[in-house]
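Below is one structure; the comments refer to it alone.
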């Protein structure tokens, strides 16, 4: 499809996954939300997102589950490590962090 039709009605400014490497989410300052994303076929998909004030990232369900577990343990932040940049090779490892930045067991 041509570029004009492809971008029509889509918001690419917030459609960004975590970068490869380490990202820290500070639960005190991060802003979480659910947003609608119009897919290529016109269907609407709900996306979990977090903003750190500079960037907005889409959060996969697997990482949202880890965030939920971290909060129940009293964590104040989450370290998200992403390896791979394609849908087929991306893996996430997430660690709950305490107030000193140490990994909670």
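A short reminder: the numbers here are calculations on the coordinates, not readings from a lab. Fair warning: this is a prediction, and the values are worked out from it, not measured in the lab. A quick note on method: Cβ atoms are made from the backbone with ideal geometry, for glycine too, and the neighbour counts reach across all protein chains shown.
Diagonalising the gyration tensor over the Cα atoms of the chain and scaling each eigenvalue by 5 before taking the square root yields semi-axes of 29, 14, 12 Å, largest first. Taking the Cα atoms only, what angle lies between the long axis of helix 61-72 and the longest principal axis of the chain, rounded to 10 degrees? Between helix and principal axis, roughly 30 degrees. Taking every C-alpha pair closer than 8 Å and separated by at least 6 residues, the mean separation divided by the residue count of segment 14-97 gives a relative contact order of 32 percent. Exposure proxy for 78, 64: other Cβ atoms within 10 Å of each Cβ, ordered fewest to most, give 64, 78.
Going by how many other beta carbons lie within 10 Å of each one, how would you line up 80, 34, fewest first?
With the fewest neighbours first, 80, 34 line up as 34, 80.
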